[in-house]
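A short write-up of the structure that comes next.
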Amino acid sequence: MTQSGLISDEYRQMQERLHLDPDYGIASRYFAATIAQVIKANDIKELLDYGAGKGRLGETLKELGVCPAALHHYDPAIPGWSAPPAPAELTVCLDVLEHIEPDRIDNVLDDLRRVTRRLGVFSVSTTPADKTLDDGRNAHLIVQGSGWWLRKLLDRFELIKFEKIRDGFIVAVAPIDSSNNS
């Protein structure tokens, strides 16, 4: 999947500007303890932080002493982390999917499936964000209920665990066998 299929150039630039705000992209710190439990329980050696922002998840996992040996970052709005990522044993996507351009969400979910070898942990907010984009839109471009999201996810993944959280949900998933896909 080319990056242009995942994010428009205009929106990538908008996200680059948003990431200059130190308070933008902080959700991963809140989920670090959960991710640490997944790492320990499943003997994870390799993690891909998909939509990594400032890399705060990795920093926090290191502080907790449970960062996998191989930690990879992908974020199309962060120079140096914008190249299409290779698949990883555990793919984590925290507070990202609701920020995706609606006409590209299926492409992003397909790419998440591509890069998730063994397990995925994804959190999604189902409420509007406190922040707005340069053009006045809410920073959460997709505000849908958990049922809408689950239908999209279950086309690509087997659901292992679903948990409601304050403003959305978090799931643990495994990729559906896609031996027919390349």
**Report entry** Charge-dipole axis of the chain as Lys and Arg at +1 and Asp and Glu at -1 on Cβ define it, positive-most pick from G145, A33, G58
**Finding:** A33
Report summary line: Quotient of Cα radius of gyration and Kirkwood radius for the stretch 1-142, i.e. Rg/Rh, equals 0.94
Query raised in the report: Which pairs in the list K62/K164; K131/K164; K54/K131; K40/K62; K40/K161 are over 24 Å apart, alpha-carbon to alpha-carbon?
Result: K62/K164
**Report entry** Where N is the number of residues in the stretch 16-84, Cα Rg divided by 2.2 N^0.38 Å
**Finding:** 1.11
Query - Among beta bridges that DSSP assigns inside the chain, antiparallel share in %, nearest 5 - result: 50 percent
Query raised in the report: Regarding the stretch 65-182, what whole-number volume in Å³ per residue does the convex hull of its Cα atoms give?
Result: 139 Å³
Query - Relative packing of 118-131, 29-42, which averages over residues the other C-beta atoms within 10 Å, highest first - result: 118-131, 29-42
**Report entry** Sequence-distant residues sharing a close amide H with L48 (under 5 Å, placed H)
**Finding:** H72, L90, T91, V92
Query raised in the report: Relative contact order, percent, of the stretch 39-110 when contacts are C-alpha pairs under 8 Å separated by at least 6 residues?
Result: 36 percent
Query raised in the report: How much of the accessible area of the stretch 84-182, probe 1.4 Å, is carbon plus sulfur, in whole percent?
Result: 47 percent
Query raised in the report: What does the helix-only formula give at 222 nm for the chain: each DSSP H stretch with n ≥ 4 adding -39500 (n - 2.57), the total divided by the residues, and the result rounded to the nearest 500 deg cm²/dmol?
Result: -9000 deg cm²/dmol
Report summary line: Given a 1.4 Å probe, the accessible area of the stretch 128-182 per residue, as a whole number of Å², is 63 Å²
Query - Mean projected area (nm²) of the alpha-carbon convex hull when the stretch 133-182 is viewed from all directions - result: 5.3 nm²
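The values are calculated or read from the model by the stated rules, or taken from the named source; none is laboratory data. As the structure is a prediction and not an experimental result, all values here were calculated from the model. Cβ coordinates were reconstructed from backbone atoms using ideal geometry, including for glycine residues, and neighbour counts include every protein chain displayed. Side chains are part of the model used for accessible areas, which takes the heavy atoms of the whole protein and leaves out ligands, DNA and RNA. Shrake-Rupley method; radii C 1.70, N 1.55, O 1.52, S 1.80 Å.
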